[in-house]
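Here the structure comes first, spelled out in structure tokens, and everything after it is commentary.
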Amino acid sequence: MKFKRPSRRTTVTLFVVAVVSLLLDIAFGAFRVVRTDGGEEWQSVDTVALPAPSRDGDVPVETSIANRRSRREYGTEPLSRGDLGQLLWAAQGVTRRGSGYRAAPSAGALYPLKLYVVVGTPGVEELEPGIYRYRPRRHELAMGEAGDVQQELRRASLDQEFVAEAAVDLVVCAVDARTTAKYGQRGRQRYVPMEAGHVGQNVCLQAESLGLATVTVGAFNDDRVRKAVGAPADQRPLYVVPVGTRA
Ligand SMILES: Cc1cc2nc3c(=O)[nH]c(=O)nc-3n(C[C@H](O)[C@H](O)[C@H](O)COP(=O)(O)O)c2cc1C
């Protein structure tokens, strides 16, 4: 069969169709890749650098899965800053530079989750007790209010005592609007909570491989947890994850 060269008019038409469909895709988010840590808030505060995370550990993932247990008793030793950084990286760290893809999957790569760190006692080496927020892109902490926030978080978590006994509590909050803008209510009801589950499991397995103790907590008063960590009204707390050394 002989190949017939397309007419100039056909070539121009195809080009215009390609450009218009590309513009429509961009307008409706098909190519959207979020490159920021997603929040305007906490932009101009003091920050704390975290040590670069390790990408290869000594414990095979199968061993971490086999040994993972909910642990609600914690030791009196503080966490190292490196261990905290490793846990946060496993939860929401950027694992591919450029695209901004993270350790846990996210519907449409929209990354609606925010990670707060409530540092208590024994806390983390060289970190004041208080509230911090993880900035995935820079792998650093933004400092919020200093002080004892763990007791309020414990009360907000239906008085589960181990929440205040852990070295730190990671609090996963969601900006639902990021995901509903593209996926509607299915985004809020399914995708965002599914993403929090991925984060929780990553933290559990990372804690196990570091020899730390953790448990995922879903029983809490949403509004009180949100206020305890100083999250804005458009954020919904989904998980509280206490972590500490082993008792
Ligand atoms: C969504 C969810 C919410 C949970 N909430 C709590 C909680 O509020 N308090 C608690 O002590 N454990 C909580 N857990 C932990 C479970 O009690 C625990 O996973 C279960 O007993 C099984 O034990 P294992 O994790 O050691 O396998 C929760 C677990 C999940 C998945």
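All of the numbers you see were taken from the coordinates with simple rules; none came from a lab. Quantities reported herein were computed from a predicted structural model and do not represent experimental measurements. A quick note on method: Cβ atoms are made from the backbone with ideal geometry, for glycine too, and the neighbour counts reach across all protein chains shown.
May I ask for log10 I(q)/I(0) of segment 158-199 at q = 0.14, 0.15, 0.19, 0.31 Å⁻¹, from a Debye sum over the Cα atoms as equal point scatterers with solvent left out? So the normalised log intensities are -0.45, -0.50, -0.64, -1.02.
Amide H to amide H distances under 5 Å link Glu140 with Arg135, where only residues 5 or more positions off or on other chains count and H is placed in the peptide plane. Take the Cα of Asp234, step 7 Å toward its Cβ, do the same at Arg137, and the gap between the two points is 1.6 nm. Take each peptide in 204-211, 216-223, count the other Cβ atoms within 10 Å of every residue, and average; sorted highest first, the result is 204-211, 216-223. In this label model, Ala146 and Glu126 are separated by 1.7 nm, measuring between points 7 Å along each Cα→Cβ vector.
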